[in-house]
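Colleague: Sharing a structure here in structure tokens format.
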Amino acid sequence: MLRIISFLVVFLCLAACREERHFITDTAYRRTVEEDFEHKKQLLSGSQEDLFLIFNQPLTLEEREALEFIYAYAPLTDLATYGGDFLLKNVRQSLKVRAEMPWGKEIPEAIFRHFVLPVRGHNEGLDSSRFVFYRELRERVLSCKTMEEAALEVNHWCHEKAIYQPTNGRTCAPLTMTTTAYGRCGEESVFALAAMRSVGIPARQVYTPRWAHCDDNHAWIEVWTDGQWKYLGACEPEPRLDIAWFTAPVRRGLYIEARVFGKYKSDEEITAMNANLTAVNVTSHYTDVKKAVIRVVDSAGRPVEGASVEYKIYNYGEYYPAVTLTTDKQGISSLTVGRGDWIIWASKDGKFGFGELEAAHRDTLKIVMDKGGNEKEQYAYHIIPPVEKEYQALVKDEERAENDRRFMREDSIRNAYIATFMTEDAAQEKAKAWGYPFKSFFRYIQAARGNYPVVLRFLEGESGKGEERKAVAMELLDVLPEKDLQDITVDILEDQLEGAFVYASHPRCPEYKTREYRNLYQEYILNPRIKNEFISAYRKVLSAYLNRESIRTPEELLRKMEEIKVLDSINTINILTPPAGVLKTMITDTRSKEQFFVAACRTMGIAARLNPVDGKPEYRVDDHWKPVSFVAQQTAGPKGELMVVYKGKAVKDPAYYTHFTLSRIKDGKARLLDLGSNAQVDMGGGATYSTIFRSPVALEEGSYILVSGNRKSDGSVLSNMLTFQIKAGKCTRVNLVLQEVQETLTVLGDIDTRMKYIPEGKEKPVRIELPRKGYTALALIGVNQEPTNHLIRDMSGMKADFEAKGIPMVFLFPDLPQLEKFSRSDFRPLPVNMHIGYDYQGKVAGMLKERLGIKNGDNLPIIVMVNKKGEVVFLSQGYRVGLGNQILRFMNL
């Protein structure tokens with residue numbers, strides 16, 4: 001008996017010890033988290049619903065501290081939409097995985113806390129992926145010998161599930177990637193990060209907000225293994241870590257950043273810290289760097305303390321603020337940067353100044369803040385990116401061959417899953433049985449991809465409720481973008497349909513459905529999408545709210561919304577709280593409040609939107625839009641007009657977000673305006689000069705800058721900036737200046753003009769056709785690779801220009817299997833003179849490597865511009881956006 005009692009005592013003591021183990025052993029840091037947690041609790045104390053009830057449950061000390069950490073730094077939507085139960089389940093799962101995995105004990109506490117525990121990677125929707133991925137990956141990673149091997153294995157699994165394909169800018173949840181089977185780089189990185197964390201491998205999203213040598217950005221992940229961070233291309237497995245298709249372009253980076261959940265203490269350079277995350281400068285991990293020192297003075301030469309210093313990269317036709325820092329007492333700001341050119345912009349109290357930092361040649365710059373926005377001045381810059389560097393092949397041939405073998409198997413697994421999507425014949429049968437027009441029915445099913453059963457259940461549920469209701473259901477599906485059909489739920493569709501159907505009896509509905517007002521009805525009443533938020537079920541809850549409060553007009557709504565408290569500090573990662581969450585708390589951020597207003601107006605049957613230029617909420621009154629503001633300083637001011645005139649010949653029709661942009665200067669800072677962007681997908685271009693400025697554009701009076709740029713084949717940019725003013729009631733005319741690019745023709749080498757390839761759909765090789773005059777493009781490309789997709793999109797976007805030239809171009813995949821995987825339907829129509837095929841016996845690739853000294857031949861695409869003699873005057877390898885323009889430019893020489 002004594003033994004039993006002793007055993008029980010020991011057991012209880014051990015249990016108590018386990019329960020009392022701290023999750024955060026650093027006393028000072030634990031105190032910081034506790035203070036931030038209590039501060040968050042105090043901020044949300046006025047919430048309609050207690051968001052902290054979960055802490056009344058029995059929790060171990062470890063669970064409580066871990067959950068407090070999550071609560072302290074989570075954006076409001078995580079608490080209001082997903083809730084404490086969801087977050088606690090994820091905390092417990094993370095602690096369980098740490099105990100199970102052989103590397104769990106090796107992970108330092110701070111690394112686990114910031115890079116395994118958090119549910120959120122960035123601004124994606126949250127889901128139960130941690131549990132689902134763990135079940136699929138557990139046995140696979142436990143069989144791995146090392147942590148690095150496990151990370152590589154997880155990435156192979158990710159490639160089985162999804163590949164790169166451009167989509168719109170909303171980041172889907174990780175589980176959606178497994179049903180859609182593709183995503184853009186930001187989605188791939190969030191997906192791979194969630195998979196790594198599900199098996200206890202620390203991971204963080206890394207990205208370059210803008211490349212310096214081409215117009216785009218990119219995101220990937222780093223994993224912590226054996227005491228150090230190593231990178232990999234998400235869903236793009238390689239034989240080892242620290243290898244990816246972007247190994248070459250990232251060495252030309254100006255700034256690379258890792259985003260970390262919570263307040264992160266590290267030896268790494270911290271560039272920002274706010275209520276939700278820490279920004280870490282990891283540029284030195286990837287390329288040669290320099291410590292840039294910016295000295296800010298006023299017009300009298302005195303140091304300016306507290307000035308905002310924006311480090312800007314030319315990209316997408318603008319000077320993009322990649323990093324914003326604040327000057328110290330000596331007026332100094334410093335940042336570790338890549339060795340290329342920056343535009344530095346300093347501002348304070350409405351005054352500003354700017355200049356060019358040529359980081360390849362100097363590391364200091366003085367900025368004089370002597371401008372107030374009243375000046376009309378023109379500036380010209382030749383902006384040069386970091387130089388391209390050579391690097392040695394990082395893997396052996398046998399490693400590459402084994403990785404390629406796995407790649408093909410993973411492609412077959414993913415394609416087998418895609419083959420389970422509903423066929424055209426099956427869709428035709430369902431459409432006929434349920435009484436829907438087949439063409440529209442099948443379009444919804446195709447767009448939904450792996451989410452097609454949701455669309456089916458929704459349409460089946462409406463098929464027996466009358467023709468009028470079916471018609472409204474199809475109208476609703478018609479206005480939804482493709483991505484929404486891929487992750488929407490039946491509950492959300494039914495909620496939105498119910499609201500739309502109720503509106504069908506609205507007195508103004510017949511008027512809105514006329515041809516004159518149909519676009520207003522479809523886009524700004526029926527459409528549940530407001531901007532780039534995740535669509536939620538808000539019609540019923542808002543309808544109940546409006547009825548309960550007897551709200552019938554936007555004016556009554558605005559008065560009632562004064563009760564919703566605004567706390568912008570709790571949402572710094574650009575993810576909104578849906579309308580139901582706003583009502584639950586009656587506390588939110590400005591942008592969520594604005595979208596709440598638009599959603600509520602649409603629920604009342606009143607057309608409402610966020611203005612496409614300035615983003616302010618507005619509703620339709622008679623035949624005009626009436627703006628509203630929830631921020632005093634955002635009150636709309638009087639307007640003037642702007643007419644931009646372009647008479648240049650450098651570019652036929654300059655594109656917004658490619659060749660030029662317009663920004664308004666407010667409080668000394670330049671903020672980009674969206675002048676009618678038609679970019680529906682990642683890497684898309686904006687509207688062109690001719691479409692925007694057919695007539696003057698109405699803009700608020702104030703100070704503006706017009707930025708333009710023309711990129712050369714070496715990645716450098718000839719850029720201009722014009723500062724000017726718009727005055728109320730007047731039309732301002734300014735000239736758009738695009739400098740002509742003069743490319744120097746230097747023969748880089750020559751190629752064999754007798755080379756052959758096998759065209760798409762053919763079996764016998766034919767000779768590569770070279771032009772009688774001028775130059776044409778010969779390219780080696782890779783299937784389902786992001787750099788190649790960029791190139792093909794460039795070519796499709798310039799279809800008419802290439803067809804007008806009429807010069808045959810040849811684009812070759814390495815072999816027949818890759819050619820067979822290429823799907824033209826994934827892209828817009830390509831130029832008819834762009835011939836696609838595969839490299840016959842690999843001889844073209846071999847010849848280019850030998851004749852032109854190309855290293856790392858698997859870094860695709862490889863593009864050469866060549867003439868009839870076989871003389872090569874342009875060579876591009878790897879990642880670069882805007883190659884279509886470069887190719888056309890050399891064709892015109």
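Colleague: Among 597, 380, 434, whose Cα lies farthest out toward the positive end of the dipole of the chain, if unit charges sit on the beta carbon of Lys, Arg (+1) and Asp, Glu (-1)?
Modeller: 380
Colleague: For residue 267 and residue 753, compute 0.36 nm times the residue count separating them, minus their Cα-Cα distance, and round to one decimal in nm.
Modeller: Stretched out fully, the residue 267 to residue 753 stretch lengthens by 169.4 nm.
Colleague: Grab the beta carbon distance between residue 336 and residue 434, set R0 = 51 Å, and tell me the FRET efficiency rounded to 0.05.
Modeller: Efficiency, from the Cβ-Cβ distance: 0.25.
Colleague: Ranking request for peptides 584-596, 408-420: highest mean number of other beta-carbon atoms within 10 Å first, then the rest in descending order.
Modeller: 584-596, 408-420
Colleague: Based on the mean of other beta carbon atoms within 10 Å per residue, what is the order of 41-51, 277-287, most packed first?
Modeller: The densest-packed peptide leads the list: 277-287, 41-51.
Colleague: Considering Cα pairs under 8 angstrom that are at least six residues apart, work out the relative contact order of region 24-281 and quote it in whole percent.
Modeller: The normalised contact order for region 24-281 reaches 16 percent.
Colleague: Suppose the chain between residue 349 and residue 284 were pulled fully straight at 0.36 nm per residue; how much longer would it get relative to their current alpha carbon spacing?
Modeller: That pair, residue 349 and residue 284, stretches by 20.0 nm at full extension.
Colleague: Would any residue of region 290-323 have its amide N under 16 Å from a label point 7 Å out along Cα→Cβ of residue 329? List them or say none.
Modeller: Those under the cut-off are 303-307.
Colleague: What is the distance in Å between the Cα centres of region 543-595 and region 63-110?
Modeller: A separation of 29 Å, based on Cα centres.
Colleague: Pulled fully out, how much extra length does the chain show between residue 556 and residue 409, if you take 0.36 nm times their separation in residues and subtract their Cα-Cα distance?
Modeller: This chain segment gains 46.9 nm when fully extended.
Colleague: What does the charge add up to near residue 832, with Lys and Arg as +1, Asp and Glu as -1, over the other residues with Cβ less than 9 Å from its Cβ?
Modeller: Taking every Cβ under 9 Å from that of residue 832, the sum is 0.
Colleague: Give me the distance in nm between label points sitting 7 Å out from Cα along the Cα-to-Cβ direction at residue 474 and residue 426, one decimal.
Modeller: Here the modelled spin labels are 2.2 nm apart.
Colleague: Straight-line reach only, C-alpha to C-alpha below 29 angstrom: list the lysines that residue 40 could link to, leaving out same-chain residues fewer than 8 apart.
Modeller: 89, 96, 263, 265, 531, 560, 565, 584, 593, 616
Colleague: If you don't mind, there's one more thing I want to ask. For the chain, what relative contact order do you get, as a whole percent, if you take Cα pairs closer than 8 Å and at least 6 residues apart?
Modeller: 10
Colleague: May I pose another question? Return the label of the correct value of Cα extents along the principal axes in Å, as calculated from the structure shown, out of (i) 94, 79, 78; (ii) 92, 68, 49; (iii) 125, 64, 48.
Modeller: Answer label, from the structure shown: (i).
Colleague: How would you rank 642-651, 246-255, highest first, on the average number of other Cβ atoms within 10 Å across their residues?
Modeller: Descending packing order for the listed peptides: 246-255, 642-651.
Colleague: Report, in deg cm²/dmol and to the nearest 500, the calculated mean residue ellipticity at 222 nm for the chain, where each DSSP H run with n ≥ 4 adds -39500 (n - 2.57) and the sum is divided by the residue count.
Modeller: After summing the helix terms and dividing by residue count, I get -10500 deg cm²/dmol.
Colleague: Given +1 on the Cβ of Lys and Arg, -1 on the Cβ of Asp and Glu, and no further charges, what dipole in debye does the chain carry about its Cα centre, rounded to the nearest 20?
Modeller: So the dipole magnitude of the chain works out to roughly 1400 debye.
Colleague: Step through the table entries 161/230; 483/821; 161/290; 376/652, compare each Cα-Cα distance with 32 Å, and write down the pairs that go over it.
Modeller: Checking Cα-Cα distances, 161/290 exceed 32 Å.
Colleague: Same structure again: Give the cross-link partners of residue 348 among the lysines, using a straight C-alpha distance below 16 Å as the criterion and excluding same-chain residues fewer than 8 apart.
Modeller: 329, 366, 371, 666, 669
Colleague: Specify whether the C-alpha gyration tensor of region 117-256 places it in the rounded, prolate or oblate class, a ≥ b ≥ c being the square roots of the eigenvalues: rounded for a/c under 1.5, otherwise prolate if a/b is larger than b/c and oblate if not.
Modeller: In terms of gyration-tensor shape, oblate.
Colleague: What aspartates and glutamates sit close enough to residue 540 to cross-link, taking a C-alpha to C-alpha distance under 13 Å and skipping anything fewer than 8 places away on the same chain?
Modeller: The qualifying aspartates and glutamates are 491, 494, 495, 498.
Colleague: Using a 7 Å offset from the Cα along the Cα-to-Cβ direction at both residue 590 and residue 377, what is the distance between the two label points in nm, to one decimal?
Modeller: 2.8
Colleague: Right, something else. Run the dipole for region 512-613 about the Cα centre, Lys and Arg Cβ at +1, Asp and Glu Cβ at -1, nothing else charged, and hand back the magnitude in debye, nearest 20.
Modeller: 400
Each value in this text was obtained by applying a stated rule to the coordinates, not by laboratory testing. What you are looking at is a predicted structure, and each value in this text was computed from that prediction instead of being measured. Neighbour counts are summed over all protein chains in view; Cβ atoms, including those assigned to glycine, are modelled from backbone coordinates with ideal geometry.
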